[in-house]
Every structure is written in C-alpha cells, then in structure tokens.
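K.L.:
Just passing along the structure, written as structure tokens.
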Amino acid sequence: MDALTTEQFTDLAQRISTRKSQLLEEIRRALAGSGKERFADLVGEAGDAGDASVATLLRDVREAEVARDLLEVRDIVAAEARIAAGRYGVCIDCAALIGYSRLAAYPTAKRCLQCQQVREKGGRYGPRPTL
C-alpha cells in the first residue's frame with residue numbers, strides 16, 4: 001500500500017480540523033442551551049406525567065448527543081497527535097499503512113482494516129501477558 005500523497009494528507013487534515021470545529025460548536029450550543037432551559041419551559045406550567053417523560057427523554061437525548069460528540073472530538077485529538085508525530089495513516093497495532101480509501105471514509109482511523117476487524121471480533125494483539 002502506498003503512503004498518502006501530499007494532497008491526500010492535506011485534504012484529510014483539513015477535514016479533521018473542520019469536523020473538530022463543527023463538533024465543538026455543537027457541544028457549546030448544547031451546553032449553553034441546557035443551562036437556560038427549565039423543566040416548565042419544556043412541558044409548560046401544567047404538564048402531566050407524560051409531558052415530564054418527554055422532557056426527560058429530550059434531556060437524555062441531548063446528553064447522549066454531547067457524549068457522542070465528545071468521543072468523536074477525543075478521536076480527532078488523537079488523530080491530530082498522530083499527525084504531529086508523523087504517524088498519521090499508520091496502524092497503531094501492526095504499523096502497516098492505512099489506505100487512503102479507509103481514511104477518506106473515516107479520517108480518524110487509527111488501525112488498518114485488518115487490525116480493526118480483528119479488534120471488533122474480540123481478537124488479541126501480540127503475545128498474551130504473563131505473570
């Protein structure tokens with residue numbers, strides 16, 4: 001597999017940076033909005049148990065979205081660290097080059113497709129630790 005071209009690398013780095021900015025803005029909006037809302041604003045002053053359930057559901061969904069976005073930001077920060085270290089596009093498990101098609105689909109990929117498949121199947125990498 002060939003190393004990334006300069007154009008491919010630049011494109012991927014830009015996509016990572018843009019996505020990080022988008023996520024951080026979404027997180028800021030969600031957190032800013034959560035402090036301003038009151039339960040009564042969500043369901044009205046005369047809400048019933050069903051309204052309370054909907055309000056709770058909406059809050060839980062918002063919190064789950066923020067948690068998901070934070071995980072993606074963490075992946076992006078790790079990808080930026082690999083870029084800075086000159087290890088972007090190199091599998092963290094086997095050191096093989098990660099193909100452009102995989103990185104184009106998933107710019108924060110840290111494993112080649114083969115190692116990722118092994119990981120998803122619950123496989124181990126390297127020798128088992130011994131005592």
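Yes/no matrix, rows are residues, columns are (1) modelled with pLDDT of 95 or more; (2) surrounded by 15 or more Cβ atoms within 10 Å (Cβ to Cβ); (3) basic (Lys, Arg):
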{"residue": "Arg74", "(1), (2), (3)": "yes, no, yes"}
{"residue": "Val77", "(1), (2), (3)": "yes, no, no"}
{"residue": "Glu80", "(1), (2), (3)": "yes, yes, no"}
{"residue": "Ala84", "(1), (2), (3)": "yes, no, no"}
{"residue": "Ala104", "(1), (2), (3)": "yes, no, no"}
{"residue": "Lys121", "(1), (2), (3)": "no, no, yes"}
{"residue": "Pro127", "(1), (2), (3)": "no, no, no"}
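K.L.:
Still on this model: Restricting to region 86-102, give me the number of residues that are part of a loop (DSSP other than H, G, I, E, B) and either touching a Pro at 6+ places or on another chain (Cβ under 7 Å) or among the aromatic types (Phe, Trp, Tyr) (or both). It would help to see each step written out before you state the result.
P.N.:
Let us first name the residues in region 86-102 that are part of a loop (DSSP other than H, G, I, E, B), namely 86-89, 91-96, 98-99.
Adding the requirement that they be either touching a Pro at 6+ places or on another chain (Cβ under 7 Å) or among the aromatic types (Phe, Trp, Tyr) (or both) leaves 88.
Going through region 86-102 one residue at a time, the tally reaches 1.
K.L.:
Now for a different question. Report yes if Val66 is in a helix (DSSP H, G or I), touching a residue at least 12 places away in the same chain (Cβ under 8 Å) and among the aliphatic types (A, V, I, L, M), otherwise no. If you could, list the steps in order and put the result at the bottom.
P.N.:
Working: in a helix (DSSP H, G or I): yes; touching a residue at least 12 places away in the same chain (Cβ under 8 Å): yes; among the aliphatic types (A, V, I, L, M): yes.
Here the answer is yes, as Val66 does meet what is asked.
K.L.:
Under the condition of being in a helix (DSSP H, G or I), touching a helix residue (DSSP H, G or I) at 6+ places or on another chain (Cβ under 9 Å) and among the acidic types (Asp, Glu), which residue from region 1-32 is nearest to Val90 (Cα to Cα)?
P.N.:
Ranking the candidates gives Asp11 first.
K.L.:
Filter region 103-121 for residues that are part of a loop (DSSP other than H, G, I, E, B), more than 17 Å from Lys20 (Cβ to Cβ) and charged (D, E, K, R) and give the result. Full working, then the answer.
P.N.:
Of region 103-121, the ones part of a loop (DSSP other than H, G, I, E, B) are 106-112, 121.
Okay, now just the ones that are also more than 17 Å from Lys20 (Cβ to Cβ), so 111-112, 121.
Result: Arg111, Lys121.
The values are calculated or read from the model by the stated rules, or taken from the named source; none is laboratory data. Keep in mind the model is a prediction, meaning the values are calculated, not measured. In this analysis, Cβ positions are derived from the backbone assuming ideal geometry, glycine residues included, and neighbour counts consider all displayed protein chains.
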